[in-house]
Amino acid sequence: MHELSIIASIVDIAEEQVKKASAQQVDSIELEIGELAGVEWAVLEFAWEVGVQRSVLENTDRYIQRIPGKARCVECGSSFLMKQIFDPCPKCGSYFNEILKGKELRVKALTVS
Amino acid sequence: MCGICGCGQPDGTIKITKVSAEHTHGHDHDHGHGHEHHHHHAHGNGRHHAPHQHHGGSFQPGKTVLQIEQDILGKNNLLAEHNRGFFEAKNILALNLVSSPGSGKTALLERTLTDLKNEFPCYVIEGDQQTSNDASRIAATGAEVVQINTGKGCHLEADMINDALKQLKPADDSLLFIENVGNLVCPAMFDLGEGARVVIISVTEGEDKPVKYPDMFHSSQLCIINKIDLLPYVSFDVEKAKEYARRVSHITEFIELSATTGQGMEQWYEWLRKKVGR
Ligand SMILES: Nc1nc2c(ncn2[C@@H]2O[C@H](COP(=O)(O)OP(=O)(O)O)[C@@H](O)[C@H]2O)c(=O)[nH]1
Ligand SMILES: [Mg+2]
Ligand SMILES: [Zn+2]
Ligand SMILES: [Zn+2]
Ligand SMILES: [Zn+2]
């Protein structure tokens, strides 16, 4: 259930930003989460409500930008979309792939007022 | 209550307790010493509001937009680097031991601490959701141990290690073993500042563990295959397990051992000596 700790970290980041900006509330928050970042979407969804209670994010609109996994095969050099972490290269079957995208776990932006 | 695994933990309180050998006579309740620290944000009665998730929606004018691009795990990573600096300065080899529940982390530590106690000063940080049973088993070997009860948290984080170190006060040139919470998923995401990560599987598990939990194997430097005394009774294929692990990780070193019979332990000690540079 690390989704709850991830949300707790997001809350920490938001609270820090609100304080720094001398704002009252967070109207919206934009997250970037890669498909290979190890986040279970259903769990994140469920845990969000619990995790943001009584925090600055309690009534905040949340936007999640999901970033598809992308990898490059170390053996044959071809790039491909990676659905699951460490899927083999569809061209040559190698498991030695360099992950280029999809591990993101970022707070991209906040709107405060 | 945690609604995901139903573990019934009432809140997110983390407890860090020094466990000493006098307290090893088998009760598993807390002694109330040690300090508490509120880690996760508490949750009251679930007020449901509709999930609002308009993908890529635009931000309204008249409000301040802060483009922060901040890594969510950034704070943990920063604290992990603090810990790493501390270990480096004191020449402490810190190992993060990860596995599924029951693979034998505590058993491995019990034997290791007993065998190596005259060779290295050894310290242990025990991560466990609820009990201090493992810490008591460790304390019985004479090693210094601090227990971190993570409550509903299913992994250790760098700030918990930081707090535990303040109580443990490990000596220079020592070994520090960190037994993570039994779970192969999220401990992979949380750097503790360790010098190396050791993943343990036992022959009573499936050989395909590495491909099921690739992140954990990918972030480990050593793979221990435990309970080899049971190989005659199970269908576990050691070579296949290694093949799977090599697929998803850079692990080239595997140590097959039995924490119960002691078979193969010498290889593990050799690995430790090499890491320490002796
Ligand atoms: N047969 C056998 N049992 C073991 C071995 N290592 C651990 N066990 C048993 O496996 C169970 C779980 O071990 P434990 O150390 O508590 O696992 P942990 O949850 O990873 O800390 C205990 O009953 C141990 O006695 C081993 O090498 N061989
Ligand atoms: Mg244990
Ligand atoms: Zn290829
Ligand atoms: Zn739980
Ligand atoms: Zn976790």
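The values are calculated or read from the model by the stated rules, or taken from the named source; none is laboratory data. Small disclaimer: the values here were computed from a predicted structure and weren't measured. Ideal geometry is used to build each Cβ from the backbone, glycine not excepted, and the neighbour counts take in all protein chains shown. Just so you know, the surface numbers come from the protein's heavy atoms only, side chains and all, with ligands and any DNA or RNA stripped out. Shrake-Rupley method; radii C 1.70, N 1.55, O 1.52, S 1.80 Å.
Structure notes:
- When B:163, B:159 are checked against the criterion of being more than 14 Å from chain A (Cβ to nearest Cβ), assigned to a helix (DSSP H, G or I), closer than 30 Å to residue A:4 by Cβ and among the acidic types (Asp, Glu), a single residue qualifies: B:163.
- Of all residues making up region B:93-129, the number that are more than 10 Å from ligand 2 (Cβ to nearest atom), outside any helix (DSSP H, G or I) and touching a Gly at 6+ places or on another chain (Cβ under 8 Å): 6
- So residue A:70, is it in a loop (DSSP other than H, G, I, E, B), more than 30 Å from residue B:182 (Cβ to Cβ) and either open to solvent by less than 10 Å² (accessible area, probe 1.4 Å) or modelled with pLDDT of 95 or more (or both): no
- Among the residues of region A:89-102, some residue qualifies, meaning at least one is assigned to a loop (DSSP other than H, G, I, E, B) and under 30 Å from residue A:56 (Cβ atoms).
- Within region B:130-180, being within 14 Å of ligand 2 (Cβ to nearest atom), open to solvent by less than 10 Å² (accessible area, probe 1.4 Å) and among the aliphatic types (A, V, I, L, M) holds for B:135, B:138, B:139, B:145, B:148, B:156, B:178.
- If you filter region A:57-67 down to residues that are assigned to a loop (DSSP other than H, G, I, E, B) and free of Cβ contacts under 8 Å to residues at least 40 places away in the same chain, you find that the one that is nearest to residue B:217 (Cα to Cα) is A:58.
- Within region A:24-56, no residue satisfies the criterion of being more than 8 Å from chain B (Cβ to nearest Cβ), at pLDDT 95 or above and in a helix (DSSP H, G or I).
- Flag for residue A:84 being facing chain B (nearest Cβ under 7 Å) and either without any contact (Cβ under 8 Å) to a residue 60 or more places away in the chain or out of contact with any Leu (no Cβ under 9 Å at 6 or more places or on another chain) (or both): no
- Condition check for residue B:272: more than 16 Å from ligand 5 (Cβ to nearest atom), part of a helix (DSSP H, G or I), touching a residue at least 60 places away in the same chain (Cβ under 8 Å) and surrounded by 14 or more Cβ atoms within 10 Å (Cβ to Cβ): yes
- Members of region B:206-229 found to be surrounded by 21 or more Cβ atoms within 10 Å (Cβ to Cβ), in a loop (DSSP other than H, G, I, E, B) and not hydroxyl-bearing (Ser, Thr, Tyr), listed by number: B:227
- The lone criterion from (1) more than 8 Å from chain B (Cβ to nearest Cβ); (2) at pLDDT below 95 left unmet by residue A:8 is number (1).
- Scanning region A:11-23 for residues that are more than 8 Å from every other protein chain (Cβ to nearest Cβ) and open to solvent by 10 Å² or more (accessible area, probe 1.4 Å) gives A:15, A:16, A:18, A:19, A:20, A:22.
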